[in-house]
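First up is the structure itself, then whatever we jot down about it.
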Amino acid sequence: MEVIAFLGSPRVDGNTELLLTEAIRAIQEQGHEVKTFKLNCLSIKPCQDCGGCDKTGVCIINDDMTDIYQAIREADRIILASPIFFFGLSAQAKTMVDRCQAFWCEKYLLKKVIPAGLNGRKGLLMLVGGMKKDIGIECGDAAAKAFFRTVSVPAHEVLGFLGVDAKGAITDHPTALKDAYEAGKRLVQI
């Protein structure tokens with residue numbers, strides 16, 4: 001089973017990364033490898049809305065998204081982990097999602113869908129933020145849902161934690177790390 005994960009946090013060893021690490025640990029314990037993309041460490045230019053992918057479904061920008069496009073095509077399971085910034089995905093996560101416009105053109109304009117493969121395709125969205133209102137999770141999930149459906153992931157679980165801001169504070173949450181671990185286990189079940 002091909003599993004990929006996108007870490008959308010710029011904070012090294014922050015709350016988002018701690019959650020993602022637990023989900024990945026559970027997946028690895030089930031015998032699966034996980035290819036992780038630390039988006040803040042990659043060179044990904046924002047979508048230019050140039051129309052270059054409209055007729056081909058292929059982005060004309062040559063940067064680190066090239067490897068991500070291939071990984072998404074081959075993935076059975078996709079994890080998107082992001083902090084909530086101003087009620088949305090981080091800039092790093094949103095930039096990657098926006099560059100999936102090429103997949104949107106391929107799917108909806110060219111009518112070419114990424115095949116589901118033998119294991120089907122499932123997703124996991126992990127969000128953590130300092131605010132206490134659910135709107136942060138709702139807005140982040142709206143963008144993630146558009147991403148997941150565009151790359152032919154018909155269903156995804158949402159794991160969100162609010163009121164968690166300081167670096168490492170997620171470890172003080174009574175269930176967060178265990179919840180992330182269990183979500184990772186569920187993700188790779190067939």
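The values are calculated or read from the model by the stated rules, or taken from the named source; none is laboratory data. This is a predicted model, so every value here is computed, not measured. Don't worry about glycine lacking a Cβ; one is built from the backbone with ideal geometry, like all the others, and counts go over all protein chains shown. The area values use the complete protein model at the heavy-atom level, side chains included, leaving out ligands, DNA and RNA. Shrake-Rupley method; radii C 1.70, N 1.55, O 1.52, S 1.80 Å.
Within the set of pairs 6+ apart or on separate chains, which have a first residue in the range 1-22 that is farther than 15 Å from L159 by Cα and of a type in the set (S, T, Y), a second that is part of a strand (DSSP E or B) and modelled with pLDDT of 95 or more, and C-beta atoms under 8 Å apart?
S9/A81; S9/S82; S9/P83
Based on what the data block shows, is E138 open to solvent by less than 60 Å² (accessible area, probe 1.4 Å) and acidic (D, E)?
no
Which residues, taken from the range 25-54, are among the β-branched types (V, I, T) and open to solvent by less than 20 Å² (accessible area, probe 1.4 Å)?
The answer is I27, and nothing else.
Looking only at residues that are part of a strand (DSSP E or B) and hydrophobic (A, V, I, L, M, F, W, C) in the range 87-124, which one is farthest from T36 (Cα to Cα)?
Taking the candidates together, the pick is L89.
Give A71, A93, A142, A81 a once-over and let me know the one that is without any contact (Cβ under 8 Å) to a residue 40 or more places away in the chain and either under 23 Å from L19 (Cα atoms) or touching a His at 6+ places or on another chain (Cβ under 6 Å) (or both).
Answer to the check: A142.
Filter the range 4-24 down to the residues that are open to solvent by 20 Å² or more (accessible area, probe 1.4 Å) and part of a loop (DSSP other than H, G, I, E, B), then identify the one that is farthest from V97 (Cα to Cα).
D13
Mind checking whether some residue in the range 69-86 is open to solvent by 10 Å² or more (accessible area, probe 1.4 Å), in a loop (DSSP other than H, G, I, E, B) and of a type outside the set (K, R)?
Yes.
Which one of these does V113 not meet: (1) touching a Ser or Thr at 6+ places or on another chain (Cβ under 8 Å); (2) open to solvent by less than 50 Å² (accessible area, probe 1.4 Å)?
If we test V113 against (1) touching a Ser or Thr at 6+ places or on another chain (Cβ under 8 Å); (2) open to solvent by less than 50 Å² (accessible area, probe 1.4 Å), just (2) comes out false.
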